[in-house]
Amino acid sequence: MQTMLHAWIQYLPFFLKGVGVTLELTGASLAVALGFGFLLALARLSKIRILEGFATAFVEIIRAIPVLIILFWVYYGLPQFGVKLPGPLAAIVSLGAFYATLYGEIFRGGILGVDRGQREAAQALGMPSGTVMRKIILPQAFFAILPPSTNQLSNLIKDTSLVFTIGVADLMFQANAASANNFLPLDMLLLAGIIYFIFYLVLSKLLARWELNVQRRRG
Amino acid sequence: GCGSSAGASNTLLGQVKSTHQLIIAESAFAPQDYQNPQTKQWTGYDVDILRGFAKSLGAKLKIDALPFSSSIQAVADKRADITIDIYKTANRAKVLSFSRPMLNYDDAIAVNSQSPGVTQDSVSALKGKTIAVVTGSAEVPEAQAVPGANVTQYGSVAESFLALSEGRVAADFQPDTDIAWAKRQNPSLHIKILGAVPASISPPIQSLRGYFGVPKGSYSQSFLNKLNAYLKTIAENGTEQKILDKYGMTSPVFLKGISSAPNS
Amino acid sequence: MHVVALYLGAFLSGAGKDVVLTIVSTILSIIIGILAAAGRLYGPKVVQLIIAWYVEIIRGLPAILQLFIIYLGFNQIGVTFSPLTAALIWLVAYGVGYAVEIFRSGIMEVAQGQREAAMALGLSSSTTMRKIIVPQAMTAMLPPLVSFVVLQLKNTTMLYLVGFADVMYQARLGTDATEKPGTLYLMAALIYLILSLVIGRIGMRLERRAAVYR
Amino acid sequence: MSKDVAVRVTNMTKRFGDQLVFENVSLDVHKSEVVAIIGPSGAGKSTFIRCINRLHPFDEGTLEILNYTIEGGKADPPRQVLQDIRTRVGMVFQTFNLFPHLTVMENIILAPMEVKRKTRPEAEKRAMELLDVVGLAHKAEMYPKRLSGGEQQRVALCRALAMDPEIMLFDEPTSMLDPELVGEVLSAIRDLAKGGMTMILVTHEMMFAKEVADTVVFMADHTVVEKGPARQVLEHPQTERAQQFLHRVLKPLDRSGGELKSVASQGGER
Amino acid sequence: MSKDVAVRVTNMTKRFGDQLVFENVSLDVHKSEVVAIIGPSGAGKSTFIRCINRLHPFDEGTLEILNYTIEGGKADPPRQVLQDIRTRVGMVFQTFNLFPHLTVMENIILAPMEVKRKTRPEAEKRAMELLDVVGLAHKAEMYPKRLSGGEQQRVALCRALAMDPEIMLFDEPTSMLDPELVGEVLSAIRDLAKGGMTMILVTHEMMFAKEVADTVVFMADHTVVEKGPARQVLEHPQTERAQQFLHRVLKPLDRSGGELKSVASQGGER
Ligand SMILES: Nc1ncnc2c1ncn2[C@@H]1O[C@H](COP(=O)(O)OP(=O)(O)OP(=O)(O)O)[C@@H](O)[C@H]1O
Ligand SMILES: Nc1ncnc2c1ncn2[C@@H]1O[C@H](COP(=O)(O)OP(=O)(O)OP(=O)(O)O)[C@@H](O)[C@H]1O
Ligand SMILES: [Mg+2]
Ligand SMILES: [Mg+2]
């Protein structure tokens, strides 16, 4: 116990640096995933055949491949074909693309999940389709989208732990490097685990409570 | 060996003899230990040396391939019996006992052969550059000693060379043998040796030798004695040089002073 | 293409190992998961609490961290597993955390009206469970179960980190020897893509069969 | 409890947490009597009828049914007792609640086989008789989803009757049905009443209550406001609350008209 | 189209994919006329009324409305046309379809502001007038979830009226309501009819149709089976199909009784 605390204090600065990297990667990947995901959702909902077909294929293929392989392929593999991304960017592209497929499906489900009657009611009032989307569909889809979105966000944070394999110094990397140094893997992994778990609790408990409050205020 | 006598299975030597198996914790460092792509057999000079040693004990090699950082841990944990040859550092000495030295290394700076990110093998030239190393290797503190360096750590030496060849990093600190071998095996890699890691940041020459690590303590002592004797023999009788020749390491500098070096 | 031919055999045997591990760990996770879900729903308070926290921890930590804790971390306290054992323990421990939730929500999802109707007919609670709740829950659970199997399959990619000789491991060794990572990781991706799609197809078939009454 | 009384509820009170659903409800139901419970939405009618076969526990008061006496309180009576009551009291729900994964036949024979240990041929024979009576024999092998609402509700009725219940409870059995389908179910229930079955039913169909029920109970404001012979309560309600309710339901348009007329004309005359 | 006709449907046919919903439907609706559409479930009433403001495209036939002529076929008419029609035709749905994320007030003023470019104060003033008439002025700031079904439906009515429509369409506006709440909505609609609004309504409330409608259209078996003056169709239907339907709906219990009696007695006499 004593030695563990000692080791924790000794390595804490490195871990905190890792936390910073983890959060930056999460934030950037999330932004990519949300933006690209929304486009994917629109493409899949659109009446333009090729667009829909392309988006569907992209979603079905990318989400069937493990994140780790996407990551390796983007980082180590793509240069073979002349595209070279720096580690953090490769991580953001990989995680962003993978999570865009998941968020895209969430968005699509949210939009489709809005009762058909809502669209009809808005159309029957003479609203143009842009207004229907902005004022009626999206605000309602938002609340359906929120819970699965935070759920995926906590998955995203966890999946950033894979980037140490391409030399990006995130939290998991620090735990790994520290235990290669002091040969106390359990202590180091536990410290990282506690930090990851705090993120998880914040997302799954606090955010969930906030969501519930928002829902209740409306209901 | 639950059934064998207590004395035998309580020591590493007893363990190896009774199970007829010597487990190496590998990490695919070429030319020390790597998988031949054609035959999928493990090969390399460490593998050849240890295979000979295992044979002398009536055992066969079993290979556990892990990321480098975990491979040392695996031996410390007695999950595997012996590391590949590694540098002797204070940290490692806390968890491992070391054999006598078996090879001289030089830590070298590798750079991209087409557009070198560093042009001089001096600390000042390296200052502030991105330097690749392997997680858990002795080169990590060397690179970290360069002021302002951005140290990028990879899971394997091959991955670090790839990064260098693709120009992701300015320099890569590795044993010179590894750089030379990688260049020879894969001429398409854009890497070359720039020079030795500056003396001011590289460790003393003693520790720049290769040592086999085994689990720390009296558990390994009898095994180490046998190993040391074997290593001394092959260094003296030219067997080791023959093995090295297979990997293009014909220069006498690799074994200079090895046969007369003291046991650790 | 040379690289592909050189490594195809090794990749396929690695994929075989991944598939076997996925199947075995899924079966074990499901069996333990059902028991744990029952404990979570109907067990004594302490058991409920323990299982609830177990689930939270498994879901809260990165999979890779859990693998490292089992393989590397436990060593520090004197418990050593071989790569295969560690892989299996990890996949099952992780899988149970997910399976419990799938079964629990599947059971909860069966409408209250169904319970009431069964009770009103005088069916005992065990009969209600066996004949009414579980069959309906099964249908509701199939889609998440299919995703779960795919998740377990994908998790096997991390096993190279503990030296388990699967597809990823072969791809990395291949990279070492040939410097053709683009081709090799693409091959690995294809293998996983095909396996995932096959699982999805089997799942769809099962769903269709289970849902004749829908 | 006199031999003639099938159900006696004395001063029953029911809460959900802090929320009072109904209090101090007393009611005697005689053998072969048909009791209709009416009242506004949220009055607690469904909850009350569920307390009668103890699907819900109640907080205070006493329930006497089938020679069992159950006191209010959280503690469950012995499982045997509960199960015996539920076996001998049939119930039909507003939302049908057929088991979707079982065919019509399987829905009906499940309880007789599992609870009454009937053999499959026995149970199937009885089920076919019942289905025949409600005109659904040809749908025996279908899954519920394929049936219309009226058909589903008639199957639910058969399912309850297959247990040969001594008392039947109905919770708004027609309110989820299309108007055209209501008749099917109501006439099946009416036939049952004529056959001498003891019945308690919650309904919004006043005409039906008048025709079928012996007694009408009007629930509102957390209690029984009025009860008595059907004709009396429905045609000459004594309490103001019941008068108001019946007026609204029976003559929905008969009230002080709004002024929408004037507002509408603005729009219409643009 | 004569000046007096508000809507003229000629030989309209509608399919969903292969499935025929209705065919060859023709109908004239005059200004200030109230048309009630009745018929069994699944007859295509909802779909038909949705084709009138072109919420659904139709396959064949012609729709003349508000001086626009729209031919059947998949291709959409110009957006401008569609929007103008929908702006000038109000619609109230069976399921209310209030926007749950907006308050009552916001529900009503959204379209006037977005579509008619009214200022917020203007829109709010008109909304308050309408809410006042239906007796809901005090609920303006509530969210729909908090309202009873009858209140929600009245808000939906106000929302449609806030666009000052020339024609109103109602799709079973009371069928999702508790019987006690039906009256509220029906009387609001009746007032609207009295005010001279052109209306087409789908309803199951025959009494209401008789009182309010000028014309009744009976749809069944994929087409209009009978149409004519309200009283005539409702009281002396000519076709057998309409007779059968009206009989069922108006006298649900009046049919050859089953034999459940005998079956039930088995159970009751145990
Ligand atoms: N499980 C429950 N938990 C908490 N409150 C409940 C529950 N079930 C019903 N209630 C509340 O109890 C009250 C009575 O409900 P109940 O369903 O018995 O009314 P009802 O008279 O049957 O109404 P309706 O005519 O709409 O069916 C309502 O306020 C309802 O919200
Ligand atoms: N979007 C749709 N896609 C395919 N079929 C549909 C769709 N909407 C309705 N239908 C089908 O069209 C037919 C007519 O439906 P519609 O809702 O118009 O009937 P209705 O007369 O309004 O019945 P109800 O009285 O039950 O409301 C039904 O068979 C229905 O299943
Ligand atoms: Mg009720
Ligand atoms: Mg309809």
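Output the residue which, of all residues in region D:8-35 that are away from every other protein chain (no Cβ under 14 Å) and of a type in the set (A, V, I, L, M, F, W, C), is nearest to D:Y68 (Cα to Cα). Explain how you work it out, then say what you get.
From region D:8-35, those away from every other protein chain (no Cβ under 14 Å) are D:8-15, D:17-28, D:35; that's our starting set.
Now restrict to residues that are of a type in the set (A, V, I, L, M, F, W, C): D:9, D:12, D:20-22, D:25, D:27, D:35.
Working: D:V9: 12, D:M12: 16, D:L20: 26, D:V21: 24, D:F22: 22, D:V25: 18, D:L27: 16, D:V35: 20 Å.
Taking the candidates together, the pick is D:V9.
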> Out of all the residues in region E:142-161, which are away from ligand 3 (no atom under 16 Å from the Cβ), open to solvent by 10 Å² or more (accessible area, probe 1.4 Å) and polar (S, T, N, Q)?
Replying inline: E:Q152
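Does region D:89-102 hold any residues that are outside any strand (DSSP E or B) and at the interface with chain C (Cβ under 8 Å from one of its Cβ atoms), and which are they? So that I can check it myself, show each step before the final result.
If we filter region D:89-102 for residues that are outside any strand (DSSP E or B), which is where we start, we get D:93-102.
Once the filter is applied, which keeps residues that are outside any strand (DSSP E or B) and at the interface with chain C (Cβ under 8 Å from one of its Cβ atoms), region D:89-102 yields D:F93, D:T95, D:N97, D:L98, D:F99, D:P100, D:H101, D:L102.
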>> If a residue counts only when it is open to solvent by 50 Å² or more (accessible area, probe 1.4 Å) and modelled with pLDDT under 90, which helices (runs of 4 or more DSSP H) contained entirely in region B:101-208 have at least 1 such residues?
In response: B:139-145, B:176-185
> Residues in region D:52-82 that are within 15 Å of ligand 1 (Cβ to nearest atom), closer than 14 Å to C:M119 by Cβ and more than 18 Å from the chain's Cα centre (by Cα): how many?
Replying inline: 0
> Are any residues in region A:15-37 surrounded by 21 or more Cβ atoms within 10 Å (Cβ to Cβ) and more than 16 Å from A:G167 (Cα to Cα), and if so, which ones?
Replying inline: A:T26, A:S29, A:L30, A:A33, A:G37
> Taking region A:91-124, which residues are free of Cβ contacts under 8 Å to residues at least 24 places away in the same chain and away from ligand 2 (no atom under 16 Å from the Cβ)?
Replying inline: A:A122
>> Looking only at residues that are touching a helix residue (DSSP H, G or I) at 6+ places or on another chain (Cβ under 9 Å) and small (G, A, S) in region D:1-36, which one is farthest from ligand 4 (Cβ to nearest atom)?
In response: D:S32
> Of E:I52, E:I108, which residue is more than 9 Å from chain A (Cβ to nearest Cβ), under 17 Å from E:V202 (Cβ atoms) and either within 15 Å of ligand 2 (Cβ to nearest atom) or aliphatic (A, V, I, L, M) (or both)?
Replying inline: E:I52
>> Checking the structure you have, find out if any residue of region E:125-141 is within 14 Å of chain A (Cβ to nearest Cβ), open to solvent by 30 Å² or more (accessible area, probe 1.4 Å) and within 22 Å of A:P139 (Cβ to Cβ).
In response: yes
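Do the conditions hold for E:R15, that is, is it part of a strand (DSSP E or B) and more than 16 Å from ligand 3 (Cβ to nearest atom)? Write out each step before concluding.
Numbers: part of a strand (DSSP E or B): yes; more than 16 Å from ligand 3 (Cβ to nearest atom): yes.
Against the criterion (part of a strand (DSSP E or B) and more than 16 Å from ligand 3 (Cβ to nearest atom)), E:R15 qualifies.
When you look at D:D164, is it within 13 Å of chain C (Cβ to nearest Cβ), within 16 Å of ligand 1 (Cβ to nearest atom), modelled with pLDDT under 95 and open to solvent by less than 50 Å² (accessible area, probe 1.4 Å), yes or no?
Working: within 13 Å of chain C (Cβ to nearest Cβ): yes; within 16 Å of ligand 1 (Cβ to nearest atom): no; modelled with pLDDT under 95: yes; open to solvent by less than 50 Å² (accessible area, probe 1.4 Å): yes.
Here the answer is no, as D:D164 does not meet what is asked.
Give me the residue from region A:76-95 that is of a type in the set (A, V, I, L, M) and under 19 Å from C:M168 (Cβ atoms) and, out of that set, surrounded by the most Cβ atoms within 10 Å (Cβ to Cβ). Break it down into steps so the answer makes sense when it comes.
Of the residues in region A:76-95, the ones of a type in the set (A, V, I, L, M) are A:78, A:83, A:85, A:89-93, A:95.
Filter once more, keeping what is under 19 Å from C:M168 (Cβ atoms): A:78, A:90-91, A:95.
Values: A:L78: 20, A:A90: 27, A:A91: 29, A:L95: 26.
Looking at the filtered set, the residue picked out is A:A91.
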> Can you tell me which residues in region D:11-51 are within 15 Å of ligand 1 (Cβ to nearest atom), surrounded by fewer than 21 Cβ atoms within 10 Å (Cβ to Cβ) and either without any contact (Cβ under 8 Å) to a residue 40 or more places away in the chain or of a type in the set (F, W, Y) (or both)?
Replying inline: D:F16, D:G17, D:D18, D:Q19, D:S41, D:G42, D:T47
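Grab the helices (runs of 4 or more DSSP H) fully contained in region C:70-169, keeping just those with 3 or more residues being free of Cβ contacts under 8 Å to residues at least 24 places away in the same chain and facing chain D (nearest Cβ under 10 Å).
Details: elements: C:83-109, C:112-120, C:134-155.
It comes to C:112-120.
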>> Every residue in region E:209-220 that is within 14 Å of chain D (Cβ to nearest Cβ) and within 16 Å of ligand 4 (Cβ to nearest atom), please.
In response: E:A209, E:F218, E:M219, E:A220
> Considering only region D:206-243, how many residues are out of contact with any helix residue (DSSP H, G or I) (no Cβ under 7 Å at 6 or more places or on another chain), of a type in the set (A, V, I, L, M, F, W, C) and open to solvent by 10 Å² or more (accessible area, probe 1.4 Å)?
Replying inline: 2
>> If I ask for residues that are open to solvent by 10 Å² or more (accessible area, probe 1.4 Å) and within 15 Å of ligand 2 (Cβ to nearest atom), which ones from region E:193-205 would you list?
In response: E:H204, E:E205
> In the set A:Q174, A:Q123, A:Q152, A:Q140, which member is under 22 Å from A:I111 (Cα atoms) and away from chain E (no Cβ under 14 Å)?
Replying inline: A:Q152
> Among the residues of region E:182-205, which ones are modelled with pLDDT of 90 or more and within 20 Å of E:P40 (Cα to Cα)?
Replying inline: E:I200, E:L201, E:V202, E:T203
> Which residues, counting only those in region E:52-81, are aliphatic (A, V, I, L, M), closer than 20 Å to E:F16 by Cβ and either touching a helix residue (DSSP H, G or I) at 6+ places or on another chain (Cβ under 7 Å) or open to solvent by less than 20 Å² (accessible area, probe 1.4 Å) (or both)?
Replying inline: E:I52, E:L55, E:L63, E:I70
> What is the residue count in region D:130-170 for residues that are within 16 Å of ligand 2 (Cβ to nearest atom) and assigned to a loop (DSSP other than H, G, I, E, B)?
Replying inline: 2
>> Considering only residues that are surrounded by fewer than 23 Cβ atoms within 10 Å (Cβ to Cβ), more than 7 Å from chain D (Cβ to nearest Cβ) and away from ligand 3 (no atom under 16 Å from the Cβ), which ones fall in region E:172-192?
In response: E:E172, E:S175
>> Give me the residue from region D:173-203 that is more than 16 Å from ligand 1 (Cβ to nearest atom) and hydroxyl-bearing (S, T, Y) and, out of that set, farthest from D:I52 (Cα to Cα).
In response: D:S187
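The values are calculated or read from the model by the stated rules, or taken from the named source; none is laboratory data. Computed from a prediction, not measured in an experiment: that's the story for all the values here. Cβ: placed from backbone, ideal geometry, glycine included. Neighbour counts: every protein chain shown. Ligands, DNA and RNA are excluded from the accessible area calculation, which covers all protein heavy atoms including side chains. Shrake-Rupley method; radii C 1.70, N 1.55, O 1.52, S 1.80 Å.
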